[in-house]
Amino acid sequence: MIKATGIHHLAIMSADIKRHIEFFSDVLGCKLSAIFDMHGVPGGIHAFMHLDDHCYFSIVQLPAVKDIEIEMGVTHAGTGAGVCAPGTMQHLAFKVDTADQLVAMRDRIRKKGVNVSGPINHGMCQSIYFGGPEQMVLEVATSEAEIDQQAWVDPAVLEKDGISSEEASTYMSPDPEAG
């Protein structure tokens, strides 16, 4: 089956790339793996922060971004429960492997002077929440097991969102031969 096998990177827009690199390096321990002029984008800079052997996130800085005002509830959610415009990132969740690592990460972040909420048990995972540069909403989460579709795909929510049981079955088990 041909399909995506993971996320190579997510790109975060920034008006101050240095501030993001400093924050993610210092507060979360991410390594700067690349920073270069963005290919084919005049004035653009692209940086990659390393999480593990196969996972990165990137920061993009473009000259005009500094002229865009942050507006809570429009450009930024402000909290994990906040709204923002469709198609924008509501929050970014990083992963650790165990509940003990989650608490250790919370303690690390707090030692860096950043306010942290949690851990909060969501049932399918436990999470901590905190703010990043330029009003980003950030999370670190851990799950003891893979998400169980039978327990976490709620028929009442499917109905509320106009998703039929047939559509849900297709979404939950895509055709391996399609494409």
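The values are calculated or read from the model by the stated rules, or taken from the named source; none is laboratory data. Small disclaimer: the values here were computed from a predicted structure and weren't measured. In this analysis, Cβ positions are derived from the backbone assuming ideal geometry, glycine residues included, and neighbour counts consider all displayed protein chains. Calculation scope for accessible area: heavy atoms of the full protein, side chains included, ligands and nucleic acids excluded. Shrake-Rupley method; radii C 1.70, N 1.55, O 1.52, S 1.80 Å.
Which condition breaks for Arg108 when tested against (1) modelled with pLDDT of 95 or more; (2) out of contact with any Phe, Trp or Tyr (no Cβ under 9 Å at 6 or more places or on another chain); (3) assigned to a loop (DSSP other than H, G, I, E, B)?
For Arg108, the failing item is (3).
Of all residues in segment 111-134, how many are surrounded by 14 or more Cβ atoms within 10 Å (Cβ to Cβ) and not in a strand (DSSP E or B)?
Here the count works out to 6.
Among the numbered conditions (1) small (Gly, Ala, Ser); (2) over 14 Å from Gly132 (Cβ atoms); (3) open to solvent by less than 50 Å² (accessible area, probe 1.4 Å); (4) touching a strand residue (DSSP E or B) at 6+ places or on another chain (Cβ under 6 Å), tell me where Ser14 comes up short.
(2)
Can you tell me which condition Ala85 does not meet? The list is (1) within 13 Å of the chain's Cα centre (by Cα); (2) surrounded by fewer than 13 Cβ atoms within 10 Å (Cβ to Cβ); (3) not aromatic (Phe, Trp, Tyr), and all the others hold.
(1)
Output the number of the condition that Thr79 fails; it satisfies all remaining conditions of (1) surrounded by 14 or more Cβ atoms within 10 Å (Cβ to Cβ); (2) assigned to a loop (DSSP other than H, G, I, E, B); (3) in contact (Cβ under 8 Å) with a residue 60 or more places away in the chain.
(3) is the only condition that Thr79 fails.
Mind listing just one residue for me: the one in segment 17-68 that is in a helix (DSSP H, G or I) and of a type in the set (Gly, Ala, Ser) and, of those, nearest to the chain's Cα centre (by Cα)? Give the steps one after another, and end with the answer.
Pass one, segment 17-68, residues in a helix (DSSP H, G or I): 17-28, 63-67.
From what's left, of a type in the set (Gly, Ala, Ser): 25, 64.
Numbers: Ser25: 16, Ala64: 24 Å.
Result: Ser25.
If you go through segment 156-179 one residue at a time, how many are of a type outside the set (Gly, Ala, Ser), touching a residue at least 12 places away in the same chain (Cβ under 8 Å) and not in a loop (DSSP other than H, G, I, E, B)? Walk me through how you get there before you give the answer.
Pass one, segment 156-179, residues of a type outside the set (Gly, Ala, Ser): 157-161, 163, 166-167, 170-172, 174-177.
Pick out the ones that are also touching a residue at least 12 places away in the same chain (Cβ under 8 Å) and you get 172, 174, 176-177.
After this cut, where a residue has to be not in a loop (DSSP other than H, G, I, E, B) as well, the list is 172.
Selection size over segment 156-179: 1.
Please tell me if Ala4 is open to solvent by 50 Å² or more (accessible area, probe 1.4 Å) and either not hydrophobic (A, V, I, L, M, F, W, C) or not in a helix (DSSP H, G or I) (or both).
Numbers: open to solvent by 50 Å² or more (accessible area, probe 1.4 Å): yes; either not hydrophobic (A, V, I, L, M, F, W, C) or not in a helix (DSSP H, G or I) (or both): yes.
It is true that Ala4 is open to solvent by 50 Å² or more (accessible area, probe 1.4 Å) and either not hydrophobic (A, V, I, L, M, F, W, C) or not in a helix (DSSP H, G or I) (or both).
Taking Ala168, is it surrounded by 14 or more Cβ atoms within 10 Å (Cβ to Cβ) and over 26 Å from Ala77 (Cβ atoms)?
On the way: surrounded by 14 or more Cβ atoms within 10 Å (Cβ to Cβ): yes; over 26 Å from Ala77 (Cβ atoms): yes.
Here the answer is yes, as Ala168 does meet what is asked.
So is His50 more than 17 Å from Val137 (Cα to Cα) and touching a Phe, Trp or Tyr at 6+ places or on another chain (Cβ under 7 Å) or not?
Numbers: more than 17 Å from Val137 (Cα to Cα): yes; touching a Phe, Trp or Tyr at 6+ places or on another chain (Cβ under 7 Å): yes.
Considered against the rule, which asks whether it is more than 17 Å from Val137 (Cα to Cα) and touching a Phe, Trp or Tyr at 6+ places or on another chain (Cβ under 7 Å), His50 comes out as yes.
What are the residue pairs meeting all of these: first residue in segment 106-120, first residue closer than 13 Å to Gly29 by Cβ, second residue of a type in the set (Asp, Glu) and surrounded by fewer than 16 Cβ atoms within 10 Å (Cβ to Cβ), Cβ atoms under 6 Å, and 6 or more apart or on different chains?
none
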